[in-house]
Amino acid sequence: MLSAMPHQRRLAFVLAALVLGSTACQRAGSCTGVYCGTLVFGAVGEPDILLPPSTQEGVSRDINEQLFLKLADIGLSTNTIGDEDFQPLLAERWEWDGPLTLVFHLDSRARWQDGQPVTASDVAFTFDAYTDSLVASPYRAALRRVASVTVRDPQTVVFRFRERYPEMFYDAVYHMRVLPAHLLRGTPRDQWKTAPFGRQPVGDGPYRFVSWKAGQSIELVADSTFFLGRPAIRRLIWRFTPDIVVATTQLIADQADGRDQLVTPENIERAKAAPQLATYTYRGNTYGYLGFNLAANGDTTQPHPIFGDRDVRRALTMAVDRASLLKSVFGDYAKVPPGPVSQLWWIWDPELRQLPYDTTRAKWTLSAHGWRDTDHDGVRDRDGQPLAFHLLVSSASTIRKTYARLIQEQLRQIGVQMEIDEVDNSVVSERLAAGKFDAVMLAWQTDPTPSSGIPQVWTRGGFGRSNYLRYDNPAFDALVDRATSAATRAQARVAWRSAIETANADAPAIFLFATDNVAAFHNRVADVRIRPDSWAALVRTWRIPPDRLIDRDRVEP
């Protein structure tokens, strides 16, 4: 495996973390009851911000699960059709008032952690913020079919939809975490991403924010007055690590209590061998790909000189042996995706048409389009321009860096030069937002339904948000609209199949892996339940029995 930093620096980081962890988490404490306990999670990377509409990073999402509530949330079935499987949170109950109107009645016990009540005005404010172009929320496209959210009275809020479709309730509740209007209304929305609130949030969830030590950790403490029931585990700590290898090493060394994804076969086997750990397998919600920027690097008004050509993208896709790469990196713990699809989605279908692995055809296509090695330096060229580009990769992801190097070699064999730019996550985010890249290696954690995840990332509606590649095909968008509006799953399946096969033929990306998820948590933790779309959603229901407490569990906040 490739490391995120030189071996000596990484070893020093691990040793320092273990020393700091033992002193910080094992100082003397006196807590002995059922509401004790500390869970230390090994996080790969650091959140960008703790303001839900302004981030979609995984660690931020996991922490926001504890701080901010939705009106209702999906059940363990992850069924997104209708409202039967949804669980009340801020909304005590709801009813339909006609085919396009949904009425929520808020739980009068819900409070912000500064003591103010959660009201219908907060919900209306939240919808307005999520759909405001100044906020530029990545979830804006997912709310496109909600026409309005209005206040009927302080405890009643009304959603009106533009049309009727099967996932109306899901769209109303899943994408938005309700925000405190009284604390955010005075902050200009174009400044939300840098607002102090995002680093010292005040929520309404089961845990309260305690501290954010830059480059080290974030700590939360259970809200003993939480209206849906006091969480049993008192403290949650996300400790930042540079990569999955370091995070797993801390877990094995008993200096951390959990990892939601172990990712590699090596890490999984190490965790299974650790006597203090229990492993949990659950459906994967992540797919990874090498994405081509269809717009010029730094200029979204012009096509990319290489990737603007559909046939060139197809040739590069056919030059990559995805099956062998996956076996080399993941062993049996992932599958080659049949397009931009995670294993969590019901539309997963290995029989979807995809471009084959065919280096002969790839070379022929490039030559036919004028890309030949005229100067015999091993790199194809056309009109003096080499067939060369830079790949943007997060330095925190061992998996993506490994894939990058393996793909680099496979492309070299057909005369394509790919340089790898390994940078921090924050730099990746900045360059993606600015369009300043040629290609990028990404892994996408999906919602439980393609109806929100695909429009957000792969349609024109995602421009300026999550469609960083500027993939734009009106035929694909029309098929997605047909699929998301279909009256039945059978009708939706037909439309989704056509949509995915259209994207596969256009080759905006090389779809590389869809993971099986294996998590590991300390075996003193009881009642561990993992929802596949969001492993942290049910942490408030986990507990540590008093007779299993260890030293760090007894520490008082």
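For the stretch 506-544, taking the residues that are among the charged types (D, E, K, R), at pLDDT 95 or above and open to solvent by 20 Å² or more (accessible area, probe 1.4 Å), the one that is nearest to residue 337 (Cα to Cα) is identified as 529.
Quick one: which of 319, 362 is closer than 27 Å to residue 398 by Cβ and either free of Cβ contacts under 8 Å to residues at least 60 places away in the same chain or not aromatic (Phe, Trp, Tyr) (or both)?
319
Considering (1) at pLDDT 95 or above; (2) open to solvent by 40 Å² or more (accessible area, probe 1.4 Å); (3) basic (Lys, Arg); (4) under 30 Å from residue 44 (Cβ atoms), the lone condition that residue 177 does not fulfil carries the number (2). Quick check on residue 465: is it farther than 30 Å from residue 296 by Cβ and touching a residue at least 40 places away in the same chain (Cβ under 8 Å)? Here the answer is no, as residue 465 does not meet what is asked.
Looking at this structure, is residue 547 open to solvent by 60 Å² or more (accessible area, probe 1.4 Å), over 22 Å from residue 144 (Cβ atoms) and free of Cβ contacts under 8 Å to residues at least 24 places away in the same chain?
yes
Residues are listed down the side, and each one gets a yes or a no for (1) in a loop (DSSP other than H, G, I, E, B); (2) modelled with pLDDT of 95 or more; (3) within 29 Å of the chain's Cα centre (by Cα):
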site	(1), (2), (3)
80	yes, no, yes
92	no, yes, yes
99	yes, yes, no
108	yes, yes, no
125	no, yes, yes
139	yes, no, yes
160	no, yes, yes
165	yes, no, yes
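Looking at the stretch 222-281 only, could you name the residues that are assigned to a helix (DSSP H, G or I) and of a type in the set (A, V, I, L, M, F, W, C)? Don't jump to the end; show me each part of the working.
Of all residues in the stretch 222-281, those assigned to a helix (DSSP H, G or I) come to 244-252, 265-273.
Across the stretch 222-281, the qualifying residues are 244, 245, 246, 247, 251, 252, 268, 271, 273.
Within the stretch 468-491, being among the small types (Gly, Ala, Ser) and in contact (Cβ under 8 Å) with a residue 40 or more places away in the chain holds for 485, 486, 487. In the stretch 23-43, of all residues being touching a Ser or Thr at 6+ places or on another chain (Cβ under 9 Å) and modelled with pLDDT of 90 or more, the one that is surrounded by the fewest Cβ atoms within 10 Å (Cβ to Cβ) corresponds to 35. With respect to (1) among the aromatic types (Phe, Trp, Tyr); (2) touching a Pro at 6+ places or on another chain (Cβ under 8 Å); (3) open to solvent by 10 Å² or more (accessible area, probe 1.4 Å), the lone exception for residue 458 is condition (3). Among the residues of the stretch 132-186, those that are of a type in the set (Ser, Thr, Tyr) and closer than 16 Å to residue 454 by Cα comprise 137, 139, 170, 174. Of all residues in the stretch 422-451, those satisfying the criterion of being crowded, with 18+ Cβ neighbours inside 10 Å, within 17 Å of the chain's Cα centre (by Cα) and in a helix (DSSP H, G or I) are 425, 428, 432, 450, 451. When the stretch 205-216 is limited to residues that are open to solvent by less than 30 Å² (accessible area, probe 1.4 Å) and either in contact with a Phe, Trp or Tyr (Cβ under 6 Å, 6 or more places away or on another chain) or not in a strand (DSSP E or B) (or both), the one that is nearest to residue 41 (Cα to Cα) turns out to be 206.
The residue that is surrounded by the fewest Cβ atoms within 10 Å (Cβ to Cβ), counting only those in the stretch 44-81 that are of a type in the set (Gly, Ala, Ser) and under 27 Å from residue 424 (Cα atoms), is 58. Listed by first and then second residue, the pairs linking a residue in the stretch 63-81 that is closer than 28 Å to residue 46 by Cβ to a residue that is open to solvent by 10 Å² or more (accessible area, probe 1.4 Å) and of a type in the set (A, V, I, L, M), with Cβ atoms under 6 Å apart and 6 or more places separating them unless they lie on different chains, are 65/537; 69/89; 70/89; 73/89. When the residues of the stretch 349-367 are filtered to those that are assigned to a loop (DSSP other than H, G, I, E, B) and either in contact with a Phe, Trp or Tyr (Cβ under 7 Å, 6 or more places away or on another chain) or not aliphatic (A, V, I, L, M) (or both), the one that is most open to solvent (accessible area, probe 1.4 Å) is 353. With respect to the conditions (1) at pLDDT below 90; (2) surrounded by fewer than 17 Cβ atoms within 10 Å (Cβ to Cβ); (3) touching a strand residue (DSSP E or B) at 6+ places or on another chain (Cβ under 8 Å), residue 87 falls short on a single one, namely (1). When you go through (1) in a strand (DSSP E or B); (2) open to solvent by less than 20 Å² (accessible area, probe 1.4 Å); (3) among the hydroxyl-bearing types (Ser, Thr, Tyr) one by one for residue 148, which number turns out not to apply? For residue 148, the exception is condition (2).
Of all residues in the stretch 532-546, one or more are charged (D, E, K, R), within 22 Å of the chain's Cα centre (by Cα) and assigned to a loop (DSSP other than H, G, I, E, B).
Against the test of being more than 22 Å from residue 343 (Cα to Cα), modelled with pLDDT under 95, surrounded by fewer than 24 Cβ atoms within 10 Å (Cβ to Cβ) and of a type outside the set (A, V, I, L, M, F, W, C), the options 242, 305 yield a single qualifying residue, 242.
Within the stretch 116-144, residues that are touching a residue at least 60 places away in the same chain (Cβ under 8 Å) have Cβ atoms under 6 Å from residues that are among the acidic types (Asp, Glu) and open to solvent by 10 Å² or more (accessible area, probe 1.4 Å) in no pair, counting only partners at least 6 apart in sequence or on another chain. Across the stretch 471-488, the number of residues qualifying as under 27 Å from residue 431 (Cβ atoms) and surrounded by fewer than 22 Cβ atoms within 10 Å (Cβ to Cβ) comes to 3.
Here residue 300 fulfils each of the conditions (1) in contact with a strand residue (DSSP E or B) (Cβ under 8 Å, 6 or more places away or on another chain); (2) within 30 Å of residue 431 (Cβ to Cβ); (3) part of a strand (DSSP E or B); (4) not basic (Lys, Arg) apart from (1).
The values are calculated or read from the model by the stated rules, or taken from the named source; none is laboratory data. The model shown is predicted, which means the values in this text are computed figures rather than measured ones. Every residue, glycine as well, gets a Cβ built from its backbone with ideal geometry; the counts of neighbours run over all protein chains shown. Note: accessible area is taken over every heavy atom of the protein model, side chains too, but ligands, DNA and RNA are not part of it. Shrake-Rupley method; radii C 1.70, N 1.55, O 1.52, S 1.80 Å.
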